[in-house]
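Take a look at the structure below.
The values are calculated or read from the model by the stated rules, or taken from the named source; none is laboratory data. Worth saying up front: this structure is predicted, and the values here are computed from it rather than measured. All Cβ positions, even for glycine, are placed from backbone atoms using ideal geometry, and neighbour counts span all protein chains on display. Surface accessibility is based on the protein's heavy atoms, side chains included, excluding ligands, DNA and RNA. Shrake-Rupley method; radii C 1.70, N 1.55, O 1.52, S 1.80 Å.
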Amino acid sequence: MAMASAKPEPAQKAMEGGEQEAAADEMEKKLHKYSRGKAANLGALRDKKLRGQLAAREKLYGHSAKAAALADTWLLPTGLGYLEPEDDLEKTYRYKQESVVKEVDLLSSRKPFDMILPLLGPYTLGYTGNGRYMVVGGRKGHIAMMDMLNLELIKEFQVRETVRDVAFLHNEQLYAVAQKKYPYIYNRHGTEIHCLKEHGKSLKLQFLEKHFLLASINSFGQLHYQDVSTGEMVANYRTGLGRTDVMRVNPYNAVISLGHAGGKVTMWKPTSVKPLVTMLCHSGPVTAVAFDRGGHLMATSGVDRKIKIWDLRKYEVINSFAARAQSLDFSQKGLLACSNGSQVEIFRDAGSQDYKIYMQHRMVKGYQIGKVLFRPYEDILGIGHSMGLSSILVPGSGEPNFDTFVDNPIETSKQRREKEVQSLLNKLQPETIMLNPNMIATVRPSRKKEKKTKKEIEEEMEDAVEAAKNAEFKKKTKGRSKASKRAKKREEEVLKAKRPFLEQYKENEGRPDKKQRVGEEIKLPKALQRFAKSRQ
């Protein structure tokens, strides 16, 4: 009992006081973040009613800022963790993976790996939307699916033919593989479900999640869209710009972008035969295209050794730097990864889209990196190269706080089924794919001008004539202001005012240029048929 009633020691009191001060400082920062600026100077106001209204409004602003700060504390418990230099001389890109792994927690230190498979490469890879599952495909026919949360192999098999690309469909239950002749769809147990012969020899695959459309580009430059929920082939277009294996979907508006050998990037939707936008991005062939999470930034690279960042709202280059890249990818928090030979470089936005190098990672000499892809909701970058697969830590790349209604990395089978049903019910039609999706549910303004009636034209003409008659003319000397000359000038002004209205008359009446001949085309009444001239 004596111990329970003992007073806390001074050191413990000081520790508790320090924690409270830190919490108060953090809350004050969040209040400043959500406040609406400085309060109005109410003491200078003489109107008591206005002063009372503004005081009540300022009180409401304070309550709303406090509620937003509390919601920020509850709903966003995890912050970002970038690599930060201690001074200006220290550079973050000099840190190696071994140094980063030593400083992170135990669970994160298990996520980087190197899987050496020299006989079946080079490898490509793909992640599910929630980042839990990964499918990999080796060029020589090796396909495997893994649970990255538990680091378990679910299924691997050999198709014994060339594999060019892999892509998950709406969840981990189905994935598409672009093989030697046709794309195939497999389930998570490795069973072949469909053979999509209409696509032909596909080089790249992309899945439009909200529309349930599988898009592919084949070796003849044909772009195919197929609805995987009904099996219907939605569209099949020839690009007309030759063979290409550079394809990426914009997550903002689901528009497919293709990079071509002439340096052009074209944007397509399934309801348009011609590209929506054609951009000349490079002076040589385009090697990679990537979009950020918001969809307003596009990164392109070409054989001219340039990486360009484009603002798709203005279609202008906002940043360009000299570097080669065979593959590009944006993370959820805006980091840009690019691969060149056996080296991976990650760039970070230093402000105003000024991308500076953030991290570097060099593979073993001789490894040729084919694809880099950030894992959603994790600070992980997946690398597919000629000798297998690798995974490296990139602090600050993934979204730390996920919304379970959008993507849930730890979802159960029941939650997955419910989400699948909801996504099918909310499936969007191909017509909703457009450059600006905000145009949906808005009223289109009428383009054609409504023709005025004859009465309205006459009234406007009368007003114009009256104004021309009442116009005052400047008096001139030496006989140039005679009454006859002034009357003649007034008549000219009246005719000038009438001319546009007479032209409107002609447009409304649709005056024919030539008289129509009475012939077989016009059927006359019986009483007048005997007067019609016969053609000789």
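Laid out as a table, the results:
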{"item": "Asp105 open to solvent by 70 Å² or more (accessible area, probe 1.4 Å) and in the same structural domain as Thr412 (by TED's automatic domain parsing)", "result": "yes"}
{"item": "Residues of the stretch 334-354 that turn out to be more than 13 Å from Gly396 (Cα to Cα) and part of a loop (DSSP other than H, G, I, E, B), as a count", "result": "7"}
{"item": "Checklist (1) farther than 27 Å from Glu431 by Cβ; (2) modelled with pLDDT of 95 or more applied to Tyr225, failing item", "result": "(1)"}
{"item": "Any strands (runs of 3 or more DSSP E) falling wholly within the stretch 126-174 and containing at least 3 residues that are closer than 22 Å to Val249 by Cβ", "result": "133-138, 163-168"}
{"item": "Yes/no for Gln343 being in contact (Cβ under 8 Å) with a residue 60 or more places away in the chain and not β-branched (Val, Ile, Thr)", "result": "no"}
{"item": "Close pairs from the stretch 50-61: first within 18 Å of Gly37 (Cβ to Cβ), partner in a helix (DSSP H, G or I), Cβ under 7 Å, at least 6 apart", "result": "Leu54/Leu42; Ala55/Leu42"}
{"item": "In the stretch 315-333, the residues that are of a type outside the set (D, E, K, R), open to solvent by 20 Å² or more (accessible area, probe 1.4 Å), in a loop (DSSP other than H, G, I, E, B) and free of Cβ contacts under 8 Å to residues at least 60 places away in the same chain", "result": "Tyr315, Gln326"}
{"item": "When residues of the stretch 455-500 are limited to those that are part of a loop (DSSP other than H, G, I, E, B) and surrounded by 12 or more Cβ atoms within 10 Å (Cβ to Cβ), the one modelled with the highest pLDDT", "result": "Ala471"}
{"item": "Sole residue being more than 27 Å from Phe168 (Cβ to Cβ) and of a type in the set (A, V, I, L, M), chosen from Ala350, Ala299", "result": "Ala350"}
{"item": "Ile357 being in a strand (DSSP E or B), β-branched (Val, Ile, Thr) and open to solvent by less than 20 Å² (accessible area, probe 1.4 Å)", "result": "no"}
{"item": "Residues satisfying the stated conditions in the stretch 128-145, i.e. small (Gly, Ala, Ser) and under 13 Å from Gln158 (Cβ atoms)", "result": "Gly137, Gly138, Gly141, Ala144"}
{"item": "Restricting the stretch 364-387 to residues that are without any contact (Cβ under 8 Å) to a residue 60 or more places away in the chain and touching a strand residue (DSSP E or B) at 6+ places or on another chain (Cβ under 6 Å), the residue that is most open to solvent (accessible area, probe 1.4 Å)", "result": "Tyr367"}
{"item": "Hits in the stretch 335-354 - residues which are open to solvent by less than 20 Å² (accessible area, probe 1.4 Å) and either closer than 16 Å to Asp292 by Cβ or not assigned by TED's automatic domain parsing to the domain that holds Met146 (or both)", "result": "Leu335, Leu336, Ala337, Cys338, Ile346, Phe347"}
{"item": "Among the candidates Ser391, Ser397, Ser423, Ser413, residue that is touching a residue at least 12 places away in the same chain (Cβ under 8 Å), open to solvent by 30 Å² or more (accessible area, probe 1.4 Å) and among the polar types (S, T, N, Q)", "result": "Ser423"}
{"item": "Where Thr287 falls short, out of the listed (1) more than 18 Å from Leu241 (Cα to Cα); (2) in contact (Cβ under 8 Å) with a residue 24 or more places away in the chain; (3) open to solvent by 10 Å² or more (accessible area, probe 1.4 Å); (4) in contact with a strand residue (DSSP E or B) (Cβ under 7 Å, 6 or more places away or on another chain)", "result": "(1)"}
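One line per residue, one yes/no per condition, for (1) at pLDDT below 90; (2) in a loop (DSSP other than H, G, I, E, B); (3) open to solvent by 100 Å² or more (accessible area, probe 1.4 Å):
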| site | (1), (2), (3) |
| --- | --- |
| Arg46 | yes, yes, yes |
| Leu50 | yes, no, no |
| Leu54 | yes, no, no |
| Arg57 | yes, no, yes |
| Tyr61 | yes, no, no |
| Leu70 | yes, no, no |
| Thr73 | yes, no, no |
| Leu80 | yes, yes, no |
| Leu89 | yes, yes, yes |
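Conditions (1) under 20 Å from the mean Cα position of the chain (by Cα); (2) surrounded by fewer than 21 Cβ atoms within 10 Å (Cβ to Cβ), marked per residue:
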residue: Glu161; (1), (2): no, yes
residue: Ile185; (1), (2): no, yes
residue: Cys195; (1), (2): no, yes
residue: Leu203; (1), (2): no, yes
residue: Glu209; (1), (2): yes, yes
residue: Ser219; (1), (2): no, yes
residue: Met233; (1), (2): no, yes
residue: Ser257; (1), (2): yes, no
